[in-house]
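To start, the structure under review is shown below, and the notes come after it.
The values are calculated or read from the model by the stated rules, or taken from the named source; none is laboratory data. Bear in mind that the values here come from a model prediction, so they are computed numbers and not experimental data. Counting neighbours? That spans all protein chains shown, and the Cβs are built from the backbone with ideal geometry, glycine included. Heavy atoms of the whole protein, side chains included, go into the accessibility calculation; ligands, DNA and RNA do not. Shrake-Rupley method; radii C 1.70, N 1.55, O 1.52, S 1.80 Å.
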Amino acid sequence: MAPTLNGEVDIVIPTIRSLNFLEDWRPFFEPYHLIIIQDGDPTKEIKVPEGFDYELYNRNDINRILGPKANCISFKDGACRCFGFLVSKKKFIYTIDDDCFVAKDPSGKEIDALAKHLENLTKPSTPYYFNTLYDPYREGADFVRGYPFSLRAGVPTAVSHGLWLNIPDYDAPTQLVKPLDRNTSVGSNRYVDAVLTIPKGTLYPMCAMNLAFNRELIGAAMYFGIMGDGQPLGRYDDMWAGWCTKVVCDHLGYGVKTGLPYLWHSKASNPFVNLKKEYNGLFWQEEMIPFFQSVILPKKCTNAEECYLELAKQAKEKLGPVDPYFNNLADAMVTWIEAWEEFNAPAKVKNGTA
């Protein structure tokens, strides 16, 4: 397993409630720093169990810190978590939802999700040629016959996308027709003991409830858009960030992994509420996905910030005609990068020392 790297990791949690769920994670999270983003009513008291090292931001804090740029951070939506990505100074980010608990593998052993994410992120990815034994860097595995030696060094991994036991991450129509679906590790073949690199040129539906990434490589593109309160779209915040980061990773030569680790997703959200949030997105995704599939970023874009500004420009051009919302989203993407560059400005040099 990967080293704890506790000086290089922040755990970002969006919430509207007291964080009693952290007791379940105490053996795994207590060594790390937490960034808690309180959504909704900023006057509500959020209680955090004793013993955790954390900082907590509510909407008043976000408005105070970002000023006019605060309008790029969503309100009353899980997309507010990206404010935590913005203020972090660590190399790695792990973000988790407050209805997710420690899962057990088929043998009954508790899964240290964060440790597995760090293992994924600190080992290479193989986006240019698929290995039929999945992750060749895993103990007991290797590259199969016919795998080019020139590609066996792999590329840096930017994103580790974990999965969930119990409640699947379904959209509202699927929730309505399959309300009793559960994914279990016992008596089921749906616990898949594998990590896969998503091939270059292939998009995927990213879910933020069990997600880790290398902030230094891809953090500027891990923006969850403007969703929720006052917006015509919700529950597509992580989808948008996933499509953006995958396109940027493909362009910059980074890898994206999905599979292990699992966590236990405890609570199904209301499908009727979800349908109201997702309604426009169910139609718009048929425009959004082809857009991302066809995006070509110019060679002059050599980092995540430059790639993301180019994506904002192309999104406005191609998706703006679909609905004015996309013009506003593209503008928010630019504002996000402006804020990102303010928070991540290179250290000033004085007397030859940074």
task = Could you grab me the full set of residues in segment 82-108 that are assigned to a loop (DSSP other than H, G, I, E, B) and either in contact with a Ser or Thr (Cβ under 8 Å, 6 or more places away or on another chain) or modelled with pLDDT of 95 or more (or both)?
result = S88, K89, K90, K91, D97, D98, D99, V102, A103, D105, P106
task = Name every residue in segment 280-309 that is touching a residue at least 12 places away in the same chain (Cβ under 8 Å) and more than 23 Å from I198 (Cα to Cα), in order of residue number.
result = N280, G281, L282, W284, L309
query = All but one of (1) in a loop (DSSP other than H, G, I, E, B); (2) surrounded by 19 or more Cβ atoms within 10 Å (Cβ to Cβ); (3) under 18 Å from the mean Cα position of the chain (by Cα) hold for Y204; which doesn't?
reply = (2)
query = On the given criteria, is V322 open to solvent by 10 Å² or more (accessible area, probe 1.4 Å), out of contact with any Ser or Thr (no Cβ under 8 Å at 6 or more places or on another chain), among the aliphatic types (A, V, I, L, M) and assigned to a loop (DSSP other than H, G, I, E, B)?
reply = yes
ask   = Taking the condition part of a helix (DSSP H, G or I), without any contact (Cβ under 8 Å) to a residue 40 or more places away in the chain and closer than 22 Å to G84 by Cβ, does A312 pass?
value = yes
message = Here is a check on your reading of the model: is N274 assigned to a helix (DSSP H, G or I), of a type outside the set (S, T, Y) and surrounded by fewer than 18 Cβ atoms within 10 Å (Cβ to Cβ)?
response = no
key: Index of the failed condition, K178 passing every other in (1) of a type outside the set (F, W, Y); (2) under 27 Å from W243 (Cβ atoms); (3) surrounded by 13 or more Cβ atoms within 10 Å (Cβ to Cβ); (4) modelled with pLDDT under 95   = (3)
Evaluation of G40 against (1) small (G, A, S); (2) modelled with pLDDT of 95 or more; (3) under 21 Å from Y236 (Cα atoms) (one fails), failing number = (2)
